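Chemist: A single structure is presented below for examination.
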Amino acid sequence: MSRVFITGASSGIGAALAREYAAQGATLGLLARRRDALDRLAASLPNAGNHKVYAVDVTDRAALAAAAADFIATTGGADIVIANAGVSHGTLTEHAEDLAVFDTIFATNVGATVATFAPFIASMKAQGGAPTLVGIASVAGIRGLPGAGAYSASKAAVLCYCESLRVELKPYGIRVVTIAPGYVDTPMTRGNPYPMPFLMPVDVFARRAAGVIAAGSSYQVIPWQMGVLAKLLRALPDRLYDLGVARARRKPRLGAP
């Protein structure tokens, strides 16, 4: 029976991954800010009494480390740790009030990914059995999207950080898997005011992500069609890319009318 620790577990991708792994018989550590949503999720899962719930803001590093320590002490370690917590808002650098939004997005999407992994590495080095750290990035990190500079840059940082960590931890038998979702039907994407090609139901995404994690793949875009599109966008000369996205509709700024 595997032990799986998931951040951002109260809704969206995190909750879907919790359902997927619970159906496989895993013991879960579920972490998010909203205690009521976590409790409802845990109660709905198979073997509800086996799962641990942590009402923690991932930007609170001390509380996050304490939750990780409790999960390790309770279960004897973690086989899979998924740094899934993330936020997305439109941002424009010209607006001074968006600087705080930049800080929040980076703290949640990048800093918390590092802080999620850090408390587990020492025990993973000792336990054997190819334990796995999973970073949830995004295709938005492959090329910068106008009006989403903070989100795109934060997810690009996750991509690069996980690549560094993968090489760093390979000698210790710890796998690092990077998953870059395309458009997945979650509360985060439902507010997007633009077409979302290859939009995927969240439970289908979770099932495919679990398969990628089990296979130990180093990097995977889900769905694969978005991976093809991302490669094409990456290969475009800057001039053509700029022309293609300059007038694209943008995610609303936080608090903007």
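Chemist: Select from the range 200-237 the residues that are more than 21 Å from residue 160 (Cα to Cα) and touching a strand residue (DSSP E or B) at 6+ places or on another chain (Cβ under 6 Å) and write down the one among them that is modelled with the lowest pLDDT.
Modeler: 200
Chemist: Please go through (1) touching a Leu at 6+ places or on another chain (Cβ under 8 Å); (2) under 25 Å from residue 33 (Cα atoms); (3) not basic (Lys, Arg) for residue 174 and return the number of the only condition it doesn't satisfy.
Modeler: The failed condition is (2).
Chemist: Another one. From the list 91, 113, which residue is at pLDDT 95 or above, of a type in the set (Ser, Thr, Tyr) and either touching a Lys or Arg at 6+ places or on another chain (Cβ under 6 Å) or buried (at least 17 other Cβ atoms within 10 Å of the Cβ) (or both)?
Modeler: One residue alone meets the criteria, 113.
Chemist: Search the range 204-224 for residues that are in a helix (DSSP H, G or I) and pair each with any residue that is among the polar types (S, T, N, Q) when their beta-carbon atoms are under 7 Å apart and the residues are at least 6 apart or on different chains.
Modeler: Qualifying pairs under 7 Å: 212/220; 213/132.
Chemist: Follow-up. If the requirement is being basic (Lys, Arg) and surrounded by 12 or more Cβ atoms within 10 Å (Cβ to Cβ), which of these qualifies: 250, 234, 239?
Modeler: Testing whether each residue is basic (Lys, Arg) and surrounded by 12 or more Cβ atoms within 10 Å (Cβ to Cβ) leaves just 250.
Chemist: When you go through (1) in a helix (DSSP H, G or I); (2) out of contact with any Asp or Glu (no Cβ under 7 Å at 6 or more places or on another chain); (3) in contact (Cβ under 8 Å) with a residue 12 or more places away in the chain one by one for residue 66, which number turns out not to apply?
Modeler: Among (1) in a helix (DSSP H, G or I); (2) out of contact with any Asp or Glu (no Cβ under 7 Å at 6 or more places or on another chain); (3) in contact (Cβ under 8 Å) with a residue 12 or more places away in the chain, the lone unmet condition for residue 66 is (3).
Chemist: Which one is surrounded by the most Cβ atoms within 10 Å (Cβ to Cβ) among residues in the range 129-150 that are at pLDDT 95 or above and in a strand (DSSP E or B)?
Modeler: Selected residue: 135.
The values are calculated or read from the model by the stated rules, or taken from the named source; none is laboratory data. Not measured: the values here are computed from a predicted model. Cβ atoms come from the backbone with ideal geometry, glycine included; neighbour counts cover every protein chain shown.
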